[in-house]
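Report on the following structure.
The values are calculated or read from the model by the stated rules, or taken from the named source; none is laboratory data. Please read all numbers here as calculations on a predicted model, not as lab measurements. Counting neighbours? That spans all protein chains shown, and the Cβs are built from the backbone with ideal geometry, glycine included. Just the protein is used for accessible areas: all its heavy atoms, side chains included, with ligands, DNA and RNA removed. Shrake-Rupley method; radii C 1.70, N 1.55, O 1.52, S 1.80 Å.
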Amino acid sequence: MPTYAAPGSPEKKLESRNAQKVMRLLSNKLKSLGFQRTKTSFFTRHKTLVIEFVHIHKYSFEPSFRVHFGIRVRTDTFPAAHLNGPSSDAIEDPQIPNRRLYNFSFDPNDASLEACAESMYQCALAEGASWFASMEKLELLLSPASPLTPEARAALQREVDSSSMVQVSDETRQVLNAA
């Protein structure tokens, strides 16, 4: 049975430092896809109509991560990010039913940290890239089948209808640190 380090313990501090190393490695990898690290756990990429993002969640109870994808309308005023795309935890292994395809655990050694970052990058490349591509059609983003909330769809419609330069909302700046 695994043992868990107490918050504030030397083991937990080492785990936190190693998690940040993984995030720096991942940041360098995601640059090749056009994503920039704009917050501790967010990587963003500006598109014509939306800001695409990759959100990384570090589990507090184990040295492991979850990857989540989402899109946000630039003028959305909701004060938090909607994790409205696929999550690595929900992607099943096609070979083994009821088993996750991705595991982003890491151990305190350089090879493990690199492997974890590479696995998250491969997930973004395979799962994120295809989902983001499927979200590029304006008709889908404005439809009831869209992953956007009704308020975000209305904001997008206003952007489309406006002939002036669209400004990123203060809420979007705060949520994603995206200008």
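Looking across the stretch 1-20, the residues that are in a loop (DSSP other than H, G, I, E, B) and either in contact with a Leu (Cβ under 9 Å, 6 or more places away or on another chain) or open to solvent by less than 60 Å² (accessible area, probe 1.4 Å) (or both) come down to A5, A6, G8, S9. Over 14 Å from the mean Cα position of the chain (by Cα), at pLDDT 95 or above, assigned to a helix (DSSP H, G or I) and within 21 Å of F35 (Cα to Cα), is that true of E114? Against the criterion (over 14 Å from the mean Cα position of the chain (by Cα), at pLDDT 95 or above, assigned to a helix (DSSP H, G or I) and within 21 Å of F35 (Cα to Cα)), E114 qualifies. Run T38 past the list (1) polar (S, T, N, Q); (2) under 26 Å from A179 (Cα atoms); (3) touching a Pro at 6+ places or on another chain (Cβ under 9 Å) and report the number of the one that doesn't hold. With respect to (1) polar (S, T, N, Q); (2) under 26 Å from A179 (Cα atoms); (3) touching a Pro at 6+ places or on another chain (Cβ under 9 Å), T38 is out only on (3). Could you say whether any residue in the stretch 112-126 is open to solvent by less than 50 Å² (accessible area, probe 1.4 Å), touching an Asp or Glu at 6+ places or on another chain (Cβ under 7 Å) and within 27 Å of R173 (Cβ to Cβ)? For the stretch 112-126, residues open to solvent by less than 50 Å² (accessible area, probe 1.4 Å), touching an Asp or Glu at 6+ places or on another chain (Cβ under 7 Å) and within 27 Å of R173 (Cβ to Cβ): absent. When N177 is tested against (1) within 19 Å of V54 (Cβ to Cβ); (2) modelled with pLDDT of 95 or more, exactly one condition is not met: (2).
Please go through the stretch 34-49 and pick out each residue that is open to solvent by 70 Å² or more (accessible area, probe 1.4 Å), outside any loop (DSSP other than H, G, I, E, B) and touching a residue at least 60 places away in the same chain (Cβ under 8 Å). Matches in the stretch 34-49: K39, H46. Does the stretch 50-64 hold any residues that are open to solvent by 40 Å² or more (accessible area, probe 1.4 Å), not charged (D, E, K, R) and not in a strand (DSSP E or B), and which are they? Within the stretch 50-64, S60, F61, P63 qualify. Among the residues in the stretch 141-149, are any surrounded by 14 or more Cβ atoms within 10 Å (Cβ to Cβ), under 21 Å from I51 (Cβ atoms) and under 15 Å from the mean Cα position of the chain (by Cα)? Looking for residues that are surrounded by 14 or more Cβ atoms within 10 Å (Cβ to Cβ), under 21 Å from I51 (Cβ atoms) and under 15 Å from the mean Cα position of the chain (by Cα), one finds at least one in the stretch 141-149, hence yes. If you filter the stretch 153-172 down to residues that are among the charged types (D, E, K, R) and open to solvent by less than 90 Å² (accessible area, probe 1.4 Å), you find that the one that is farthest from the chain's Cα centre (by Cα) is E159.
So which residues in the stretch 44-76 are of a type in the set (K, R) and more than 13 Å from F132 (Cβ to Cβ), if there are any at all?
K58, R66, R74
For M23, are the conditions met, namely being modelled with pLDDT under 95 and either more than 12 Å from the chain's Cα centre (by Cα) or open to solvent by less than 60 Å² (accessible area, probe 1.4 Å) (or both)? No: the conditions fail for M23.
Return the residues of the stretch 102-111 that are surrounded by fewer than 15 Cβ atoms within 10 Å (Cβ to Cβ) and touching a Ser or Thr at 6+ places or on another chain (Cβ under 7 Å); say none if nothing qualifies. Once the filter is applied, which keeps residues that are surrounded by fewer than 15 Cβ atoms within 10 Å (Cβ to Cβ) and touching a Ser or Thr at 6+ places or on another chain (Cβ under 7 Å), the stretch 102-111 yields only S105. Quick one: would you say L125 is under 18 Å from S27 (Cα atoms) and touching a Phe, Trp or Tyr at 6+ places or on another chain (Cβ under 6 Å)? In short, no.
Scanning the stretch 80-101 for residues that are within 30 Å of T48 (Cα to Cα) and surrounded by 13 or more Cβ atoms within 10 Å (Cβ to Cβ) yields a count of 10.
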